[in-house]
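The values are calculated or read from the model by the stated rules, or taken from the named source; none is laboratory data. What you are looking at is a predicted structure, and each value in this text was computed from that prediction instead of being measured. So basically every Cβ, Gly included, is an ideal-geometry build from the backbone, and we count neighbours across all protein chains shown.
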Amino acid sequence: MKRILLKLEYLMFKHVPGMLTCAEADAFISDYVDGLLPAAQRRKFERHIRMCRPCRAYLKAYRRTVTLARLSAAEQRAPAVTRMPEELVHAILAACK
Amino acid sequence: MNPASAPDEAQLIAALRRGEGGAFETLVRQHGDALYRLAVRVLGNEAEARDAVQDGFISAYKEIKSFEARASLKTWLYRIVLNAALMRRRSRQRKNEVAIDELLPQIDEFRHEPDWNFTESAEDTVARGHLRQHIRAQIERLPEAYRTVLWLRDIEGYDTRETAEMLGDSEGSVKVRLHRARAALKTLLEPLYKGEVASS
């Protein structure tokens, strides 16, 4: 039964004008998350997301992944070092004479 | 040229091309700190970062006459030092990498995806040291071409154009790789999302 419903959904996405299939929506997801999708494509993408439960769930986990990647590296982005050691400056200048 | 003064970029490039005394020191002092921090972030230690920054500046010194000013001097230097750092990292990594195709979702006619129920915020998840380490370890498993784009875009915060310039790649290619990197990382983090990674 579930498979039949999914098939009907797919046929609707494929044949109703202006609807994206899941594969087509996948190509937009990265720009959508970054807020870079042009308005017309964003509307199409959001229409698909409203009607497609699996893509809605995927978008939720995809967003979380981007957030976790950024947050997990926050310490690495702000290392204790702030200045290039002076002896390195001298070494570079000596090597480039 | 007096390294203490701050010439504009065109003046500095002209002075560098003429081999004017002090111009190269100005370049090193203007950009050295930021490039050093970049190399430390890529390599995770100061010893290797020093070597990468030195290699990068020596390359820049040799190539300044061929610099065409299509990108800014800063972007050009970032690209050189980033590549020097990535080359060093590449030589000590790879053993844990997973092929990207194994990690991308298979969408035939429709997507198959469970309903995710995240019971805590992303901030709370990364506040736990071992989960933060787990996430970092999964990022390290991405193939380098994808990990680098993810790192520059999502962690360092460069935009697509800047990332493409630093990597000497097209914006279209950067966008495709970023999406694949994020999708692959999502797959690698699914055990965490399912609560299969020990939470304490």
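The number of residues in region A:33-71 being within 19 Å of residue B:151 (Cα to Cα) and assigned to a helix (DSSP H, G or I) comes to 12. Scanning region B:43-79 for residues that are surrounded by fewer than 22 Cβ atoms within 10 Å (Cβ to Cβ), in contact (Cβ under 8 Å) with a residue 12 or more places away in the chain and aliphatic (A, V, I, L, M) yields B:43, B:64, B:69, B:71, B:73. Selection of region B:94-139 for residues being touching a helix residue (DSSP H, G or I) at 6+ places or on another chain (Cβ under 7 Å), within 27 Å of residue B:52 (Cβ to Cβ) and among the polar types (S, T, N, Q) yields B:96, B:138.
Taking residue B:142, is it in contact with a helix residue (DSSP H, G or I) (Cβ under 8 Å, 6 or more places away or on another chain), within 12 Å of chain A (Cβ to nearest Cβ) and in contact (Cβ under 8 Å) with a residue 60 or more places away in the chain?
Details: in contact with a helix residue (DSSP H, G or I) (Cβ under 8 Å, 6 or more places away or on another chain): yes; within 12 Å of chain A (Cβ to nearest Cβ): yes; in contact (Cβ under 8 Å) with a residue 60 or more places away in the chain: no.
So residue B:142 does not fit the description; no.
Restricted to region B:116-200, the set of helices (runs of 4 or more DSSP H) holding at least 1 residues that are within 21 Å of residue A:35 (Cβ to Cβ) comprises B:122-127, B:144-150, B:160-167, B:171-193. Of the residues contained in region B:67-77, one or more are found to be in contact with a helix residue (DSSP H, G or I) (Cβ under 6 Å, 6 or more places away or on another chain) and either under 27 Å from residue A:68 (Cβ atoms) or modelled with pLDDT of 90 or more (or both). The requirement of being surrounded by fewer than 17 Cβ atoms within 10 Å (Cβ to Cβ) and closer than 30 Å to residue B:60 by Cα is not satisfied by residue B:162. The test for being buried (at least 17 other Cβ atoms within 10 Å of the Cβ), over 21 Å from the mean Cα position of the chain (by Cα) and at pLDDT 85 or above does not hold for residue B:39. The residues on offer are B:56, B:32, B:22, and the sole one that is more than 14 Å from the chain's Cα centre (by Cα), modelled with pLDDT of 85 or more, on the phi > 0 side of the Ramachandran plot and within 14 Å of chain A (Cβ to nearest Cβ) is B:22. Scanning region A:15-32 for residues that are assigned to a helix (DSSP H, G or I) and hydroxyl-bearing (Ser, Thr, Tyr) gives A:30, A:32.
Restricting to region B:122-159, and then to whatever is basic (Lys, Arg) and surrounded by fewer than 20 Cβ atoms within 10 Å (Cβ to Cβ), can you tell me which residue is farthest from residue A:73 (Cα to Cα)? Show your work before the answer.
Narrowing region B:122-159 to residues basic (Lys, Arg): B:128, B:132, B:136, B:141, B:147, B:153.
Among the residues that remain, those that are also surrounded by fewer than 20 Cβ atoms within 10 Å (Cβ to Cβ) are: B:128, B:132, B:136, B:141.
Working: B:128: 13, B:132: 8, B:136: 7, B:141: 15 Å.
In this case the residue turns out to be B:141.
I'm checking my understanding of the structure. Among residues of region B:110-130 that are more than 7 Å from chain A (Cβ to nearest Cβ) and either more than 14 Å from residue B:190 (Cβ to Cβ) or of a type in the set (D, E, K, R) (or both), which one is farthest from the chain's Cα centre (by Cα)? Spell out the reasoning first.
Within region B:110-130, the subset more than 7 Å from chain A (Cβ to nearest Cβ) is B:117, B:119-121, B:124, B:127-130.
Within this subset, residues satisfying the condition of being either more than 14 Å from residue B:190 (Cβ to Cβ) or of a type in the set (D, E, K, R) (or both) are B:119-121, B:124, B:127-130.
Details: B:119: 31, B:120: 29, B:121: 26, B:124: 25, B:127: 23, B:128: 24, B:129: 23, B:130: 23 Å.
So the residue we want is B:119.
Mind listing whichever residues of region A:19-72 are away from every other protein chain (no Cβ under 11 Å) and buried (at least 21 other Cβ atoms within 10 Å of the Cβ)? Across region A:19-72, the qualifying residues are A:20, A:45.
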